[in-house]
Amino acid sequence: MISPAGRPVRRIAARLAGAMALVLATTGCVGGAGTGSATGKVTSITVLDYYTQRSEHTQWNEVLTACGKTAGVTVEHTSVPPASLIPRVLRQASSRTLPDLLMLDNADLQQIAQTGALTPLDQYGIDTNGFAEGILSAGTYEGKVYGLAPYVSTVALFYSKDMLAEAGVAVPRTWDELKEAAAGLTRQGRYGMAVDASATFESSWQFLPFLWSNGGHEKRLDTPQAAQALQLWVDLVKNGSMSKSVLNWTQADVHDQFAAGRTAMMINGPWRIAALNNDRNMNWGVAPVPVPRVGQVPVTPLGGEVWTVPQSSSKDRQKKAAEVLACLNSAPNTLTLAEQHFTVPSRTAVAARYAEQDPTMAVFVKSVEGARVRTGELGVRWPKAATGIYTAIQSALTGEQTPEEALRHAQEIATSD
Amino acid sequence: MRKRSRLVTDRSLNFRTGTGRDDGGVDARARRAPRARFGLAQWMFVVPAGAYLLLFFGYPLVKNIAMSFQQYTTTTFYTGEAPFVGLQNYSKVLSANLFSQAVITTVLFTVGSICGQFVLGLAMALFFQHRFPLSRALRSLLLLPWLLPLVVSGTTWRWMLDPDTGVVNAALRGLHLSSSGVPWLTGTSQALVSVILINIWVGIPFNTAILYGGLLNIPTHLYEAAKLDGAGPVMSFRYVTWPLLRPVVSVVLVLGVVYTVKVLDIILVVTGGGPAGATETIATRAYELSFQQFEFGRGAVLSNVLIVFSLAFALLHLRASRRALTV
Amino acid sequence: MKPSPSRGRLSSTVVGIVLLALMLFPVYWMVNASLQPAGNLLGGDLFPLPPDVSGYVIALRDQGSNLLTSLVIALGSVALSLGLAAPAAYALAQFSLRGTNLVLLGVLITQMVPSIVVANALYSAYTDLGLLNSHVGLILADSTAGTPFAIIILHSFMRTIPREIIEAARVDGAGRVRVFRSMVLPLSSNALITAAVFTFLFTWSDFLFALTLTTTPTVQPITLGIYQYLGAHTEQWNAVMATTVMASVPAVLLLAVAQRHVTAGATSGAVRAG
C-alpha cells in the first residue's frame, strides 16, 4: 500500500511550481479591461454591441475602426447575443466595467439611463438637431439625450417568391390570408411561417405589430384585442404551419430557417436583407406585416440601436468615445450605414434624400415614419411590459394557458414592482 | 481493484487503536510532549485551508442571509445602496406562483434523475460485476460522460434533441416510431423529460462506479454459500447483494440528491429554463433573479432555500455515511 | 472467481460494447457534427465524409484564447487547492488536534453548498475588490470545488500512514515541515495525483463562476465561450461543436493517461466521508 515514491512527487511539485509561475505571469493582465491610465493618452476604447451575425459584425467593425481612426484611437469591438446584452450591461454597470462606447436597443435606453450608468451627450457638445423625433425621444431620459441612433427600422413580412409561386399563394395582407397562406405553404420539412417567440425581448418586439394593429396596447395587456393577436400566433402553431420551435428561435434563428428554405415566410427586419442578398439562390420579397382587416395600415414598433457613452473613471476615454459616437451619427455615416443595412437614416434630411435616390427604399422610409416608440408610453417600465408579453407568448404557444389567461398574467408582470 | 483496497483501509481506520497496542506508551508520551510546544505550529498547517474555507463558504452563507433582507435593484446596485426591507423579499418570492412551480420542477427533476441514474447505474454495475474480456476497458470508457464539462454535454444534447433537425427525432421518424417527432425542447413536459434524461446520462457513470465498488466488497463466499443453498440470481440479489450494498446505496442516493438539486449548467444550456418556464428549478430561478434581473435580495432568498434543503440532506448524508463505514 | 463458459463471457463482451456504444453515442455525434461542412443548418449525416475541418479553424480563431484561459485557471486552481489541502489534510490526519472532527464535518458540509450561493456573495465582494474578470478571482472561486475534495481524499489517505514512521523521523530531529515535505508528500503521491486530476476537471468544467464572475470578454473560460457561441452562431453549428470537442480533450486525455486515478477519485467520492 505505502511505497516510497519520491520521483513522481517531485515531478508533481515541479509541475505545480510551473503552474504557479504561469498563473502569476498571466495575472499581470488582471483587470486589464482597457484601463488606460487617466493621465496618459487614450489610444484605444472598448465597444460593446449585439451585432453577432458575421457580416453585420464585420460591417460595423469597419465603420467603428474608421471612426476610431478619425478620433485617434483603436477600437476593441465585442458583440454578444441580443438576449444577453442587458444582463451583461447591468452587471458591468454594477461592477464599473462598462465599455467606453455602448450600443443599446432604443427601448432599453431609458431603463439603463435611469440606473445612472450613462452620461448625457450634451456635455460632449454633440448636436442632436436634425434627428427624427421618434428615435430622439427614445434616446432621451428626463429631458436629456443619452443615445443617438444612426438609422432606424421596423419589421416586415419576408417571403420566398418561389415557394409562394409554386404553391399558388398570394402575398398575405390580412390575418386570415396569413393563416391560409401559411397552411398552403407548409410541406414535409418546411413550415409556412416563422416568428421569434423566444423568452426574450425580441419576441415582444415581433409581437407588437400584431398587438398594435389590432388596437391592443402595451399599457393594458389583458384585453380582447391582445388576446386575438396572441390567438393568431397560437393558431399558426396549432395547425402546424409554424414550428413549435419558434419558442426557442431568436430573430437570427428565424432568419437562418428562412435562408435554409425551412420556412416560406417570416417576420424580420430589413437589416437581414444584406445577408439574404448574399445568397444567390434566394428569391425573396418583402411586404407589410399582415393586418386584422383589409385596408388597415399596420402599426409597427420603431427599431434602431442607440449608441451611448457610459460613465467611466476616465473623462478622456469618455471624450474619445463621444467623438466616435458623433462620427457614427454624422450625416454621411448615417447614410452609409443605412444603405449597408437596408434601414432608414435617422436624420430627416438625409432620409428624404435617401428616399428620392432609391425609390425602393421609399416604402421603408414611409413605414418607419409611422412606427411607434416602445418606450413612448411606459418609459422605464417598458421592460416589465415586454417581459409580460414574452411570458404570455411562451405560455400560450406551449398550450399551458389560453391567450386570455396568459395575458392576464402578463398584465400582472407588467404592473408588478 | 484500487477502490476495494481503499474501502478496506478506510474501514480499518476505525480500528486504528489496534496499532497502538504494543507501543501505546511510547505513542502517548511522544504525542503529549510536542503538543504543548507545537500546538500553534501544528495549527499552522490547517490555518490557510481553514481561512480559505471560511472566506469562500462561511462568508457567502452569512452574506446570503444578509442579502435576503435587503432590496437590490438595477438602480440601487449602481449607487451602492441596498436598504433593509425586512421579510419583504421572502413574502414576495415564496408566495409567487413561480416559486411553487419551481419547487415542483426541482422535485421532479431530482427524483427523476436519481431514480434513472440509480437503477441504470446499478444494472450496469451488476453487469460489470462478472469479469469478461475487455470489461476493464469498457468500464473506464464508461466514465467519459461524467468527466465531460456539463456545458459540452448540454450543447451536444441540445443539438441532438432539436425537434426539427436533431438526430433523435430523425431516428424516431426513420424507425416509424413517431411521424411528427417528439417536441423534446419545445413541449413543456417533454422539455423537463429531456433535461432529466440528459442528467441521467451524465450520472450513470458515477453511480455505476460507486455501486460497482460496493459490489466488489461483497465477499464471494457469500454468493457461493447462497448458491449451495439453491438460491438463483434473483434470490441471491435479494438476500446477499442488496442487504450488503445498502450502506453504499444510501450514500449514492443522498449524494445524488445533493448534487442534483443544485444543477444549473445543463438546464441553462439545453432549455434556458423554458419553454414557458417549464424547466425552471429553484437553482435556475435563483440565478435568474440575481444575475439576469439583478434582484440579488430575492435571489438570495431562493439561495437560502437551496441551502436549507442541501444541509438537511447533508445531515442525512453524514448519518448514512457513518452507518456505511461502521457496518 | 467463478469459472464461466467462455461463450457466455464473450457474449457479455458483445453486450458490453453495445451498451457502451449507446452511452457514448452523443460523444460520437459531437465529433461527427464538428467535422461536417459549414452550412446554415446541418442535416446531420451519419458520417462526416469527407471530414471538413473548417469548424475547427473558426473555433480556434474565436475560442483559442478561451482555451488558454481555462488551462491557466485550471492549473492555478490545482496549485491552490493542493497547496491548501495537503498540509491541512496532513494535520487533520496525524496531529490529533482538538476539533479535528469538527473541521472535517465543516469540510464535508462545504461540499453540499450550492455554488450559486457562493457566486451570489462573491459577485458583490469581487466588485469591491476588483477581482471580477481576473484569473485570480476565478482561481479562488473555482477552488471551492477542489479544496474540500482534496482535503477529504488526502486526509483519508494520510490517515493510513503509520504514525510510528513519522514519530521516528521526528525523533531523528526532522522538523514538522521537513517531515511533511520529504516524507508525507512522497508517500501520498497517488492521492495527490487523484486530487489534482479532479481539481483540474472541476475547474475546467466550471460554468457558473465563469458566467457570474466575468462581465467582459477579457478573461473568458471555454465553457462560457461555448455558451456565448450558442446564442450567437446558430448558423455555424460545426464551429460550436468543434469547440465542444476541444473542450472535451482534457477529460479524454486524463481518462486515458490517469485512468487509475480517475476511477479512484470517482469511487472515493462516495466513501470519503470516513
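Where a number appears in this text, it was derived from the coordinates with a stated rule and is not lab data. It should be emphasised that the depicted structure is a prediction, and the values quoted were computed from it without experimental measurement. Here the Cβ is made from the backbone with ideal geometry for all residues, glycine too, and neighbour counts use every protein chain on show.
Listed values, structure above:
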{"quantity": "DSSP H segments from chain B that extend 24 Å or more along their own axis, Cα-based, with Kyte-Doolittle mean of -0.5 or above", "calculated": "B:24-53, B:97-129, B:188-216, B:242-261, B:296-326"}
{"quantity": "Cβ-derived FRET efficiency at R0 56 Å, residue B:111 paired with residue C:45, nearest 0.05", "calculated": "0.90"}
{"quantity": "Projected label distance in nm at residue A:416 and residue A:126, using a 7 Å step from Cα toward the beta-carbon", "calculated": "3.5"}
{"quantity": "Selection from A:290, A:137, A:97 lying farthest towards where the dipole of chain A points positive, charges on Cβ", "calculated": "A:97"}
{"quantity": "Length released on extending from residue A:330 to residue A:174, taking residue separation times 0.36 nm less the Cα-Cα span", "calculated": "52.2 nm"}
{"quantity": "In nm, spacing of pseudo-spin labels at residue A:58 and residue A:220 (7 Å Cα→C-beta vector)", "calculated": "5.1"}
{"quantity": "Dipole of region B:87-326, positive direction: furthest Cα of B:106, B:134, B:160, with charges on the beta-carbon", "calculated": "B:134"}
{"quantity": "Order of A:343, A:78 under a 10 Å beta carbon neighbour criterion, fewest first", "calculated": "A:78, A:343"}
{"quantity": "Euclidean distance of C-alpha centroids, region B:193-266 and region A:44-104, integer Å", "calculated": "52"}
{"quantity": "Degrees separating the helix A:348-357 axis from the principal Cα axis of chain A, which is the longest one", "calculated": "60"}
{"quantity": "The protein assembly as shown - Rg and Dmax from Cα coordinates, angstrom", "calculated": "30.8, 105"}
{"quantity": "Counting all C-alpha pairs of chain A, share separated by more than 38 Å (%)", "calculated": "27"}
{"quantity": "Amide hydrogen neighbours beyond the local backbone of residue A:300, cut-off 5 Å, H modeled", "calculated": "A:372"}
{"quantity": "Chain C, dipole about Cα centre (Lys/Arg Cβ +1, Asp/Glu Cβ -1), debye to the nearest 20", "calculated": "1160"}
{"quantity": "C:156, C:96 arranged by Cβ crowding within 10 Å, fewest neighbours leading", "calculated": "C:96, C:156"}
{"quantity": "The protein assembly as shown - charge dipole about Cα centre, Lys and Arg +1 at Cβ, Asp and Glu -1, debye rounded to 20", "calculated": "5260"}
{"quantity": "Long-range HN-HN contacts of residue A:283 with modeled amide H, under 5 Å", "calculated": "A:161, A:162"}
{"quantity": "Helix axis angle, A:6-26 relative to chain A longest principal axis, alpha carbon, degrees", "calculated": "70"}
{"quantity": "Residue-count net charge about residue A:319 - beta-carbon cut-off 12 Å; Lys, Arg +1, Asp, Glu -1", "calculated": "+1"}
{"quantity": "Sorted by Cβ density within 10 Å, fewest first, the residues C:20, C:105", "calculated": "C:105, C:20"}
{"quantity": "Separation in nanometres of the label points that stand 7 Å from Cα toward Cβ, at residue A:282 and residue C:18", "calculated": "4.7"}
{"quantity": "Karplus-derived HN-Hα couplings along region A:183-198 (A = 6.51, B = -1.76, C = 1.60, θ = phi - 60°), whole Hz, x at Gly and Pro", "calculated": "5, x, 8, 6, 9, 4, x, 8, 9, x, 9, 8, 10, 8, 10, 6"}
{"quantity": "Charge sum, other residues only, whose C-beta stays under 14 Å from residue A:222's C-beta, Lys/Arg counted +1 and Asp/Glu -1", "calculated": "-1"}
{"quantity": "Using a Förster distance of 45 Å, the FRET efficiency for residue B:217-residue C:168 (Cβ separation, nearest 0.05)", "calculated": "0.85"}
{"quantity": "Reachable lysines from residue A:179, criterion Cα separation under 21 angstrom, eight or more residues apart if same chain", "calculated": "A:161, A:238, A:244"}
{"quantity": "Dipole-positive endmost among B:84, C:67, A:302 within the protein assembly as shown (Cβ charges, Cα centre)", "calculated": "C:67"}
{"quantity": "Folded to 0 to 90 degrees: helix A:359-369 orientation relative to chain A principal axis, Cα", "calculated": "80"}
{"quantity": "Per-pair calculated FRET efficiency, R0 = 35 Å: residue C:256 and residue C:61 via Cβ, rounded to 0.05", "calculated": "0.80"}
{"quantity": "Test item: B:118-125 mean partner chain Cβ contacts at 10 Å", "calculated": "1"}
{"quantity": "Spatially proximal lysines relative to residue A:41 (Cα-Cα < 18 Å; intrachain offsets below 8 disregarded)", "calculated": "A:69, A:315, A:319, A:320"}
{"quantity": "Peptide B:299-305, shielding by other chains (average Cβ, 10 Å cutoff)", "calculated": "3"}
{"quantity": "Span-like helix ranges in chain C, DSSP H, alpha carbon extent 18 angstrom or more, Kyte mean at least -1.0", "calculated": "C:6-34, C:54-94, C:115-129, C:135-158, C:189-205, C:237-257, C:259-271"}
{"quantity": "Radius 14 Å from Cβ of residue A:374, net charge of other residues (Lys, Arg +1; Asp, Glu -1)", "calculated": "-2"}
{"quantity": "Dipole magnitude of chain B, debye to nearest 20 (Cβ charges: Lys/Arg +1, Asp/Glu -1, about Cα centre)", "calculated": "1460"}
{"quantity": "Above-threshold pairs, the threshold being 24 Å between Cα atoms, out of B:63/B:92; B:63/B:262; A:144/B:92; A:219/A:366", "calculated": "A:144/B:92; A:219/A:366"}
